[in-house]
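Working notes, beginning with the structure itself.
The values are calculated or read from the model by the stated rules, or taken from the named source; none is laboratory data. The structure presented is a predicted model; accordingly, all values stated were derived computationally and were not measured. Cβ coordinates were reconstructed from backbone atoms using ideal geometry, including for glycine residues, and neighbour counts include every protein chain displayed. The accessibility values were calculated without ligands, DNA or RNA, using every heavy atom of the protein model including side chains. Shrake-Rupley method; radii C 1.70, N 1.55, O 1.52, S 1.80 Å.
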Amino acid sequence: MSYLKGLLTSCLVLASVMSWAKAVPISIDKTKVKLPEETVKEPPQSVDTGLHYDRYLREVIDFLEKDQHFREKLHNTDMEDIKQGKLAKELDFVSHHVRTKLDELKRQEVSRLRTLIKAKQDIEGGNDIAVDHQALLKQFEYLNHMNPHTFEVEDLDRLIKSATKDLENYDKERHEEFKRYEMMKEHERREHLKTLDEEGRRKEEEHYEEMKKKHADHPKVNHPGSKDQLKEVWEEADGLDPEDFDPKTFFNLHDTNGDGFFDEQELEALFTKELEKIYDPTNEEDDMVEMEEERLRMREHVMNEVDSNKDRLVSLDEFLVATKKKEFLEPDSWETLEQNQAYTDEEMRVFEEQLARQEEDLNLKAADLQKQKEDLERQQEQLNAQKLELQQAVEHMERLKTQKVPPPPEMQLEGNAVPESLGHDQPPVPPEHQPLPPGHQDIPLEQQQQHAPQNQQDLGQEHQNIPQQNQPLPPGHNSPPHDSPQMPRDHSNVP
């Protein structure tokens, strides 16, 4: 069980440190940020491991630890045997209650993954596409997706292997993250120098070199895990006589949870005194993010030297064996971060080129967004103008209705029809003021008399010469509509 416990503990420590480091924005001065006490001493128990299957991992380990038979077998099983899947027979002897709970945990995890797959499908607009959950579950290597109902030996093996691999990648990602942080810090310093005049740049460079010298001027740092380093903790932290130093007693004093192992958290606590020699949160020249990277470097170094079975824990036996080695008694000097730059000149060049490309892309996107904004503003102005014209037209029509003003000529009725509003309200028009029939307007009286017939006889002759059916009717006497009754004509007066 020690390997599983170490696996989970290492997850917790890494997640705790990384969550604090990421919580401090690059743009602020990290030399002025005080490290939280819980990061120095003990990470919160509720901290997430950073793995997307964190809850599943925790619950499986917790329930396996509740089975006494399985716990004893795991305690006596070599880490390599665990990795090679030699726990099959032991898992078969797990109590029915624990095994039932493990089955339930797996079903819940499979259900959670299916829900995530469905949610992703919905977001991507694939509501009408059938989802092959079995195929998509293949990407989750920490469980056997072909058997979604019961927790078997293969599930435990997959979980251990996946967590181990993910933790190794986590270490690499952490180092890469710190490297990017250091390069960004240097990039911002260079960019700041470009904004200064020659005198300002000279002063800034002098100040930068002065801070580097002050940071490097610190007491000697002992090799992590060496006798000198542990004796210093024994004397200054424990208040004991260095001449009475005893490795076994030291181990028991600093195995804070009394489980018989140094986990990664307990190991890192041993390096606090060494780190205080190099870093002070109140000093401008000391970067607390660099201090955490130094702490993790020390822990990794001790684990590599002392953790012989690579279970991410240091047992008492492993510790006592390490105290007899030459590296413990006569260690090499320890090179701190300022002696080992986190990046090369070539890496810095590539990093700045990437930043330049990213800035160019952002500028293009910003220009495109600005153009879209201007187009939308123009469209909004056009809509506002159309809205204003419509409002003015409606207001004008409302005023016309209120004042009873006749509509404009183009809206008047055609022909001789008289609007109802005028036919009842206006007085009769005298004959001399009535409008002439069509075709007689503006014709002088003399011209009308010249064209008039000389006498009634001539008129009669004209009527005789024109066929009756083709004779034109005077204005206003045109043929009535076909649906009106025909009245007989009186031709008695026509010669």
Count the net charge of all other residues whose Cβ sits under 9 Å from the Cβ of Met183, scoring Lys and Arg as +1 and Asp and Glu as -1. -1
Which net charge results when you count Lys and Arg as +1 and Asp and Glu as -1 among the other residues whose beta-carbon is under 11 Å from that of Asp244? -4
Carbon and sulfur atoms: what percent of the 1.4 Å accessible area of the stretch 267-321 do they account for? 49
Taking every other residue with Cβ under 13 Å from the Cβ of Asp332 and scoring Lys and Arg +1, Asp and Glu -1, one gets -2
Starting from the residue with the highest accessible area, list Met184, Met348, Met397 in decreasing order, probe 1.4 Å. Met397, Met184, Met348
Highest-first arrangement of 236-249, 145-158, 193-206, where packing means the average Cβ count within 10 Å: 145-158, 236-249, 193-206
Would you mind checking Lys227/Lys324; Lys185/Lys277; Lys231/Lys326; Lys231/Lys277 for any pair whose Cα atoms are more than 19 angstrom apart? Lys185/Lys277
If you plug each phi of the stretch 389-397 into the Karplus form 6.51 cos²θ - 1.76 cosθ + 1.60 with θ = phi - 60°, what whole-Hz ³J(HN,Hα) values come out, in order, with x for Gly and Pro? 4, 5, 5, 5, 5, 5, 4, 5, 5
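Where only protein heavy atoms count, and the probe is 1.4 Å, what is the accessible area per residue for the stretch 196-343 in Å²?
Numbers: 7670 Å² over 148 residues.
Ligands and nucleic acids excluded, the result is 52 Å² per residue.
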First measure r as the distance between the Cβ atoms of Glu188 and His301, then evaluate 1/(1 + (r/R0)^6) with R0 = 25 Å and state the FRET efficiency to the nearest 0.05. 0.25
